[in-house]
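Okay, structure first, notes after.
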Amino acid sequence: MADQPIGVFDSGYGGLTVMRAVLDQLPHESVAYFGDTARAPYGPRPIAQTRELALECLDRLVDHGVKALVIACNTASAAVLHDARERYDVPVIEVIRPAVRRAASATRNGRIGVISTVGTHQSGAYLDAFAAAPHLDVVSTPCPRFVEFVERGITGGSELVAVAHTYLDPLREQGVDTLVLGCTHYPLLAAVITYVMGDGITLVSSAEETAKDVYRVLADADLLRPDGLPPPDHGFTTTGDPDEFRRLAARFLGVGSRLGPVFTAPLHLGVEGPE
């Protein structure tokens with residue numbers, strides 16, 4: 001069991017930042033990544049449909065044989081976590097609560113901002129998770145265009161800076177000292193976010209905090225891959241265009257042309273991408 005891969009699921013590409021964090025912190029582990037890119041984004045979908053799509057993909061990872069599941073999608077984490085933990089016999093880790101715990105311990109003045117996609121913002125998942133700490137002042141702000149910039153390969157420039165000011169200036173004016181990057185695309189924009197918010201801001205990456213949770217869960221369950229085994233292999237599966245996946249995955253993972261094979265998975269539900 002300990003030699004099986006960690007399964008990482010996302011509706012698209014952002015979960016690759018979680019995979020990258022997992023590989024940084026657990027370099028001896030194998031990872032199987034599944035991206036439902038043909039039906040992304042999940043954010044605009046009804047929550048029941050998001051649950052259906054996510055469980056189909058998670059079923060495939062479990063059938064592949066994984067020792068743990070990482071739901072590396074904020075929208076899917078909000079929609080399916082409870083179902084997944086009841087449905088599967090392997091540990092299930094998500095991206096919301098690890099970031100919330102870190103932000104709550106990092107803030108100095110009790111004012112925390114959360115930036116995310118519209119779907120995650122509307123779900124209220126982060127505000128619900130922070131409800132256990134009512135002494136904190138938490139503000140959630142959707143930043144929908146950030147994903148567009150990342151997937152176009154734009155991480156700087158005047159247009160992005162202007163958009164970042166529009167989203168982030170209200171948070172800075174409210175005295176936020178800790179900012180949760182509540183979308184797995186956003187770590188690639190950490191430089192521009194820090195530039196706009198100022199050097200005093202503490203950024204909390206859901207990707208980095210989730211990777212720490214993966215290590216803790218595997219260690220507690222005695223599932224860390226044993227030393228002495230050959231170097232790990234990583235697998236990638238997409239429901240969309242494998243060439244497009246390869247192009248974006250190489251950017252997210254920072255591996256250039258060394259990504260390896262990308263497999264495609266046919267869709268079973270007949271649910272097309274959102275209009």
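What follows is calculated from the coordinates using simple rules that are stated; it is not laboratory data. What you see is a predicted model; the values in this text were computed from it and never measured. Positions of Cβ are backbone-derived with ideal geometry, glycine not excepted, and every protein chain shown enters the neighbour counts.
The tail of the calculated P(r) for the stretch 104-188 beyond 15 Å holds 59 percent of all Cα-Cα pairs. Multiplying the residue separation of D83 and D63 by 0.36 nm and subtracting their alpha-carbon distance yields 5.5 nm.
If you count, for each residue, the other Cβ atoms within 10 Å and average over each peptide, how do 231-243, 37-49 line up from highest to lowest?
Put in order of decreasing packing, that is 37-49, 231-243.
Computed extension gain for H165 through A132, at 0.36 nm per residue and net of the alpha carbon distance, reaches 8.8 nm. Geometric descriptor of the chain, per residue, is 130 Å³ (volume of the convex hull of the Cα atoms). Loop-only trypsin sites (Lys or Arg not before Pro) in the stretch 50-132, please: DSSP not H, G, I, E or B, and at most 13 other Cβ atoms within 10 Å. Here the sparse-neighbourhood loop sites are R108.
What Kirkwood hydrodynamic radius, in Å, does the stretch 78-149 give when the mean of 1/r is taken over all pairs of distinct Cα atoms and then inverted?
Radius from the Kirkwood sum: 13.6 Å.
Eigenvalues of the alpha-carbon gyration tensor of the stretch 45-91, scaled by 5 and square-rooted, set the equivalent ellipsoid semi-axes at 18, 10, 9 angstrom, largest first.
Pairs of Cα atoms nearer than 8 Å and 6+ residues apart set the relative contact order; for the chain it is 28 percent. For the stretch 221-235, the Karplus equation 6.51 cos²θ - 1.76 cosθ + 1.60, evaluated at θ = phi - 60°, returns couplings of 8, 6, 10, 5, 5, x, 5, x, 7, x, x, x, 9, 10, x Hz by residue, with Gly and Pro reported as x. Helix-derived [θ] at 222 nm for the chain: sum -39500 (n - 2.57) over DSSP H runs of at least 4, divide by residue count, nearest 500? Theoretical 222 nm ellipticity from helices: -14000 deg cm²/dmol. Geometric descriptor of the stretch 10-83, per residue, is 86 Å³ (volume of the convex hull of the Cα atoms).
Tell me the net charge near G110. Cut-off is 14 Å between Cβ atoms, G110 excluded, with +1 for each Lys or Arg and -1 for each Asp or Glu.
0
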